[in-house]
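Input: one structure, supplied below.
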Amino acid sequence: MDLSNFYLCSILVALCFQARMACNSNDRAALIGFSNCLTSIIEAWNSSTADCCTWDGVTCDNSTVLSKRVIGLELGNKRLTGTICQSLAVLDHLGFLNLSHNFLHGTLPTKLFTLQNLEVLDLSNNDFTGSILTGGDLPSIRFVDLSNNYFVGSLNSTLCETLPRIQVLNLASNSFTGEVSNTFGRCTSLLHLSLKGNSLSGRFPESLLHLQDLRVLHLEDNQFSGPLDAGLGNLSNLVELDISSNSFSGILPDVFGKLGKLAEFSAHTNKFTGHMPVSLVNSPSLETLNLDNNTLNGSININCSAMIHLVSLYLGSNNFHGPIPETFSSCHSLSILDLSGDKLGGEVPSNFKNLQALTSLSLSNTNITNISAALGILQKCKNLTFLALDRNFQNEQMPSDVNLQFKNLRVLLMQNCQLRGSIPLWLRRCKMLQLLVLSWNLLGETVPSWLGNFNSLFYLDLSNNLFTGEIPISLTGLQTLTNRNNLIDGNATGIPLYKKTGGSGGSLQYKKIGSLPPTMDLSYNKLIGPIWPSFGNLKSIHVLKLKKNELSGPIPSDLSGMSSLEILDLSHNKLTGEIPSSLVKLSFLSKFSVAYNQIYGEIPTGGQFLTFPCSSFEGNNGLYGGDGAFTSCQLAHLPLSPPATAATQPPTEKMTILGVQFGIGAAIGFVLTVIFCFMSGWVIAKPKEERRNYHQKLRQKV
């Protein structure tokens, strides 16, 4: 055989060998069985193709001479629906299984937990139910993520026996109940454990204090209670510890000196009391410390000289008292500082100007004074993007210093301060503003037209002030509200934003600026003039409130252009005309009111107008409901049909009272009255005898 024939034969043999190296037939059958249990189709899966190793998301190896074995199945975020069949357990060489971020439901097949080679299992963000990991054996598994499902029951006592080598276990955001089993201490290889967002109860799980290799522990959003065990200091490798939103109580144990690697500690929304431990406020490793919403007291004794890596500090809603510490100026890495709701008082320390890394600052409701000095100091923090000063500076004058500069400011909250004066010119330089709230003050004069020049402003609240004049037409051209394609910065502020809700008395928390609904609230002022038709240009606005002003004229039909509108409140003004039928096009409108105006005519029918209560229309005598759609409004004395009078018609410009007919009638009536008066003697007295006879005749008639 010559050399060329040898090469040809070698190639043919290789091709034949490769053809024989298709996926294992049992594995192929298992994948087809898995697919048959789905109610959706996996794109690029073709059962007519013999080699399943070419299917989308399937990974094989060359573990045998005659066929390839499936070792990985990566089908995350494929919009899969249906259940998982037992056939998946036939893939006995499977080492990696990811079905996360789909719409799979039902219980997990028990045989799934007998895969001897499985190392990674990710079923997170689905709709699975039932209990987990009962009677299984996964000797090789190191990573399990079952978070964001609907699993129930207790955390099984055999869990660590089923997962002897587990390093990462994420069971967050399910419906597990009861106490954490004492057998958790046997999961000695655990590095990352998340049990947050369940209904687990009892004291801090003592079994977890034996996991000396643990680096990340998340227990937040459960129902744990009682004090923290001093044994917490045994977890010397901890980097993250989050126990927030529980009912832990008592004092914080002074063990943080033993946690030399701890970078993040969050214990907000608990019932901790007393002072911050010395070891905590001197921790050199801490980068984030969140103790918001407890009942801690004393002075704020953070030692910034020791806490050299501190970036985020949340101490709000506690009982800390005394002045704002000047030592904060030594926290050169501090980016986020929240002291809101504490009992501090005094003024902002002058050396706050040294906080050049500061991006977010909240001093809300801290009883601080001297707004002029505060702004003069804080303007030196050149990277400041979020500033909350609300519920302070009571009855002070709004600073008018035109030299103030906050060039990077995106959020400014100064509501509930009873500030006097007007909107200051220095705000004009805040070109980056996205959210401006000045409500519940005593600000007056006109609303400046330059507010319409902010290219990024999407949330404006000037309600409950003393503003006069017309609404600046420039506000109807705010770029972020006119163009749906203008994306709002969705970055987190570092400090949660809160928007009060009605009825229940609770509040809704927004962690990102971009999650707030685009809003313009000018209600409860003294604004006059029309509602501009160009408001219809605000295609991205969700909330428009103009309540309790003195606006007049008709409701423009162009308002139907606000296609994203959810709330429209025009009540308690002096608006006239009819409700434009075009407003029926506002398909997202959930709250609407034109109450207490001078509106007349038929209420539009169809669309969202079929859902609005009678209170949306009350106080308008000329309104009536059509086609029986507002039968319930009879209870509010709102007629179902046009009134018998011309009340539903627009009033004429002037009602003529004095005319020819009126003059003739008045003259005849005057003459008859005079004659009657003469005959009765009321004008010229009759002789005494005649008057006597006259009265006798009257008595006889009676």
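The values are calculated or read from the model by the stated rules, or taken from the named source; none is laboratory data. Just so you know, these numbers come straight off a predicted model, no measurement behind them. Here Cβ is always computed from backbone atoms with ideal geometry, including for glycine, and neighbour counts include all displayed protein chains.
Filtering segment 362-374 down to residues that are hydrophobic (A, V, I, L, M, F, W, C) and free of Cβ contacts under 8 Å to residues at least 40 places away in the same chain, which residue is surrounded by the most Cβ atoms within 10 Å (Cβ to Cβ)?
Filtering segment 362-374 for residues that are hydrophobic (A, V, I, L, M, F, W, C) and free of Cβ contacts under 8 Å to residues at least 40 places away in the same chain, the one surrounded by the most Cβ atoms within 10 Å (Cβ to Cβ) comes out as L363.
If the requirement is being aliphatic (A, V, I, L, M), touching a strand residue (DSSP E or B) at 6+ places or on another chain (Cβ under 6 Å) and crowded, with 20+ Cβ neighbours inside 10 Å, which of these qualifies: L217, L262?
So the residue among L217, L262 that is aliphatic (A, V, I, L, M), touching a strand residue (DSSP E or B) at 6+ places or on another chain (Cβ under 6 Å) and crowded, with 20+ Cβ neighbours inside 10 Å is L217.
In segment 342-358, is there at least one residue being in contact (Cβ under 8 Å) with a residue 40 or more places away in the chain, closer than 25 Å to L427 by Cβ and either more than 31 Å from the chain's Cα centre (by Cα) or not in a loop (DSSP other than H, G, I, E, B) (or both)?
Within segment 342-358 (the criterion being in contact (Cβ under 8 Å) with a residue 40 or more places away in the chain, closer than 25 Å to L427 by Cβ and either more than 31 Å from the chain's Cα centre (by Cα) or not in a loop (DSSP other than H, G, I, E, B) (or both)), the answer is no, since none of the residues qualifies.
Take N395 and decide whether it is surrounded by fewer than 20 Cβ atoms within 10 Å (Cβ to Cβ), in a loop (DSSP other than H, G, I, E, B) and under 29 Å from the mean Cα position of the chain (by Cα).
Judged against the criteria, N395 is not a match.
Between L193, L214, L209, which is assigned to a helix (DSSP H, G or I) and modelled with pLDDT of 90 or more?
The unique qualifying residue is L209.
Are any residues in segment 516-534 under 25 Å from the mean Cα position of the chain (by Cα) and either over 20 Å from L438 (Cβ atoms) or among the aromatic types (F, W, Y) (or both), and if so, which ones?
Once the filter is applied, which keeps residues that are under 25 Å from the mean Cα position of the chain (by Cα) and either over 20 Å from L438 (Cβ atoms) or among the aromatic types (F, W, Y) (or both), segment 516-534 yields only Y524.
Still on this structure, I have one more. With the requirement that a residue be surrounded by fewer than 18 Cβ atoms within 10 Å (Cβ to Cβ) and modelled with pLDDT of 75 or more, what does segment 46-64 give you?
T49, A50, D51, T54, D56, G57, T59, D61, N62
Which condition breaks for V584 when tested against (1) among the β-branched types (V, I, T); (2) part of a loop (DSSP other than H, G, I, E, B); (3) over 26 Å from F467 (Cβ atoms)?
Failing condition for V584: (2).
Here's a follow-up. Checking the structure you have, find out if any residue of segment 25-34 is closer than 26 Å to V120 by Cα, in a loop (DSSP other than H, G, I, E, B) and modelled with pLDDT of 75 or more.
The answer is no, given that none of the residues of segment 25-34 is closer than 26 Å to V120 by Cα, in a loop (DSSP other than H, G, I, E, B) and modelled with pLDDT of 75 or more.
Moving on to the next point. Of all residues in segment 590-609, how many are assigned to a loop (DSSP other than H, G, I, E, B) and more than 15 Å from L546 (Cβ to Cβ)?
Final tally of qualifying residues: 4.
Could you check segment 325-366 and list, in sequence order, the residues that are of a type in the set (K, R) and more than 13 Å from N383 (Cα to Cα)?
K343
Does at least one position in segment 225-234 carry a residue that is modelled with pLDDT of 95 or more and either of a type in the set (S, T, N, Q) or buried (at least 22 other Cβ atoms within 10 Å of the Cβ) (or both)?
Yes, segment 225-234 contains at least one residue that is modelled with pLDDT of 95 or more and either of a type in the set (S, T, N, Q) or buried (at least 22 other Cβ atoms within 10 Å of the Cβ) (or both).
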